[in-house]
Every structure is written in structure tokens, then in C-alpha cells.
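The values are calculated or read from the model by the stated rules, or taken from the named source; none is laboratory data. What you see is a predicted model, and the numbers here were worked out from it, not measured in a lab. Note that each Cβ is placed from the backbone with ideal geometry, even for glycine, and that neighbours are counted across all protein chains shown. SASA here: full protein model, heavy atoms, side chains in, ligands and nucleic acids out. Shrake-Rupley method; radii C 1.70, N 1.55, O 1.52, S 1.80 Å.
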Amino acid sequence: MFLYPLTPSLEGKALGQNIYDDNGNVLLKKGVILKRPYIKKLLKMGYFEVYIQDELSEGVDDTPLLKEKTKKRAVLTIKKIMQDYESRARIQYQDVCSIVSNIVDELMDQNCRVISLQGLKAYDSYTFYHSINVCALAVMLARWCYYTKDKLVELGMGALLHDLGKQKIPREILNKRDKLSDEEWEYIKKHTDEGYEAIRKVPQLSSICAHIAYQHHERIDGKGYPRGLQGDEILGQARVVSIADAFDAITSQRPYRDKLLPYKAVEIMEKSMGTQFDEELLEVFLNSIAVYPNGSVVELENDLMGIVLKQNTSNNRKPRVKIIGQKVSDTIVLLEPYELDLDSQELSIKRAWERYELDRLMKRVI
Ligand SMILES: [Fe+2]
């Protein structure tokens, strides 16, 4: 399945994943053929991307990082936490602890060293899935750094709540397409203090959780906010969350900018090694995250075009691919599909493509 921008052109296509409403009920089931009124309703509800089933993605390993049931529970929990916070009620520790323990258990069951976030995106509105993605990514990164289970749960709780303070920022500022004024920017920066104060009020949550929210926009070079802390002055857990937060933000569609493919996010983040991000942690992260997640369209150095089927645990830049054609100037010559394990080949991936770029070129197949 592929993640597509939600537009009327998807009419007649089959959904690749269940779609849920805000209360966690199934709105449209996987396999349902999209009709124009469904698309209209989804757009109205704020969805902007959906997974679509298609022939090209046959054979792609689409095992999700988290079970459907867990994602659904996580969305409902984070929604309740945000409502409690907005209505000035205290956040319930039990809500946070139970879902994060559940997420950590599932992630610890995964043996894989290379992880893809596929299946988590487009699940619900940005606020909800961003919190869950950052929690899952931060926990995986900390796991690769040998954190104990208790420490993973503590980190996961801080990661899930890291942007809680954003609930206080008016949507018009958060989703503004134009450049923010200095005043608006100062307003956004306050979400770190707001989150810190809210988490501190929950006695069972450790000060580490509160400091993750407080420090997740600090930078190693001291140019971050709110306090301009440097290097080791920044809590290790906050350095982990800042990497997870940046990666998910760069690869997510936002009203004011287009999302970038993971390989581009990796290139961007590599440039900030040791300035924005902790060098050692970033190295572990960039060597372990799927640079070309399952289902990606990739162009190899020799112009062969393929779809990523499965990750190789030994090398996160050399997955197993299904070759579908060859690029010849601005056309694609279709080939009888065959599998290629790049890990055992000299051949590397030149770049990944957006799916719509392939669709455009496929119209001119030979
Ligand atoms: Fe933030």
C-alpha cells in the first residue's frame, strides 16, 4: 500500500488501512472502495493523506510497528490527556503509564534493528499521531542505546507528552502558512514551559518527564530554547526526544510545508550533527531508521526502478527491492518484476521517489 494525498482523483481506489473517527470507531474499513462523498467527508474531518492498496505494492512487508489495537488506544488516550489539560483538569498518571507500557512492550517484542514508521502516518490528525510517533521513535532509539525497560517507560511518557503545551497555542498560529511574526514565534516557544508546568503537577510523573517537555527544543550548540542549554547540560532523554521529534516533523505533511521523504530527512539531520543534535545519539538513529521504508519507490544507481519490499537488519540503506522497470530519460521501460537483495550487491540506491512522480512517469511507459 502507498500513502497518497487525499484528493478526488482517488475515487475508485481501495483503502489500504482502516480509517477511524475521533472516538476510535472504524469509519471506513481496509479494502473499501473510495467514493466521492467519502473523500469529501474525510477532507472535511481534516484527513489529508490515506493509504491505498495497489498492484505495485504486492509483496511489500507492511507489518506495522504497533498493533492496530494499540494505536487506537494510544490515540484515544492522548486525546483524553489533551482534553483534560485544556479543561484544566489534572492529567491522569494511570492513562499515560498504561498506554506507554503497552507501547514499550510491543516495541521490545520487535527484533528488528531497522524500523519503518509505515502504518503510523495518516492515522489521525497530526497532533495525535505526532505524539505517538515521537514516543515510538524515542523508545526505539533509547532501546538501541540499551536503556532498561523502566527507563524506556519513563522516557516514553515524557516523549508522549513532549508537545502538550502546544494545546494552549491558537490553531491559527500553529498552522499558519506564512512566516510567523516575532510575537507569534515567542508564543510558540512558550509551549516548552507550559508542558513542563503541566507535567510537574502530576506527582507520579518523574521530573525527567517534565524536563523532556522543557528541554526538547534545546540544541547541543546552545542555540535552542527556552534556556539555551549546551551539550551535557541537556538531559540525555531530552536529546533522544529532540531527534525523534525532528525526524517525525520533517517527514510529516503540515499545512505550511510539504513533507520530505525519510532519506531527505536523514540528509538534513546529518548536517546538524553536533550542532543541533547529539552526535553519538544521532549516529545510532541514522544507522537504524529505515532510510527507504517498505513500500518506497527507489531509483538505483544503474537507473533500475524498484519498490522496497523488506528491510535488511545489517544495513539500513540496502533493503530488499522488487525491480519493476528501468528509467530511460523521461520514460519508464517496464520489466518483468524480480527481487533483488541490495545487501548482497555492489549496487546502491541513488534516491527515493514520491509515489506521484512514478505515477506521472508510468503514464509514459514503454
Ligand atoms: Fe515542541
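So here's what we get for this one:
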read-out: Residue ID - nearest to VAL104 (Cα to Cα), chosen from residues in the range 133-175 that are within 16 Å of the ligand (Cβ to nearest atom) and among the basic types (Lys, Arg); value: LYS166
read-out: Flag for VAL266 being in contact (Cβ under 8 Å) with a residue 24 or more places away in the chain and more than 30 Å from HIS216 (Cα to Cα); value: no
read-out: Candidates LEU281, LEU286, LEU335 - the one that is in contact with a Gly (Cβ under 7 Å, 6 or more places away or on another chain) and open to solvent by less than 80 Å² (accessible area, probe 1.4 Å); value: LEU335
read-out: Subset of the range 27-52 (residues that are open to solvent by 70 Å² or more (accessible area, probe 1.4 Å) and of a type outside the set (Lys, Arg)); value: ILE33, PRO37, TYR38, LEU43, MET45, PHE48
read-out: Of all residues making up the range 179-202, the number that are open to solvent by 10 Å² or more (accessible area, probe 1.4 Å), more than 14 Å from the ligand (Cβ to nearest atom) and touching a residue at least 60 places away in the same chain (Cβ under 8 Å); value: 1
read-out: Single unsatisfied condition, LEU235 versus (1) within 16 Å of the ligand (Cβ to nearest atom); (2) surrounded by fewer than 13 Cβ atoms within 10 Å (Cβ to Cβ); value: (2)
read-out: The lone exception for ILE220 - which of (1) under 24 Å from the mean Cα position of the chain (by Cα); (2) within 16 Å of the ligand (Cβ to nearest atom) it fails; value: (2)
read-out: Positions within the range 216-232 being under 15 Å from VAL134 (Cα atoms) and either among the β-branched types (Val, Ile, Thr) or open to solvent by less than 10 Å² (accessible area, probe 1.4 Å) (or both), in sequence order; value: HIS216
read-out: Only one of VAL291, VAL321 that is in a strand (DSSP E or B) and either open to solvent by less than 40 Å² (accessible area, probe 1.4 Å) or in the same structural domain as GLU354 (by TED's automatic domain parsing) (or both); value: VAL321
read-out: Meets criteria (within 18 Å of the chain's Cα centre (by Cα) and assigned by TED's automatic domain parsing to the domain that holds ALA138) for ALA74; value: yes
read-out: Test: residue in the range 132-140 that is touching a Cys at 6+ places or on another chain (Cβ under 8 Å), over 18 Å from ALA198 (Cα atoms), in the same structural domain as ALA159 (by TED's automatic domain parsing) and at pLDDT 90 or above; value: no
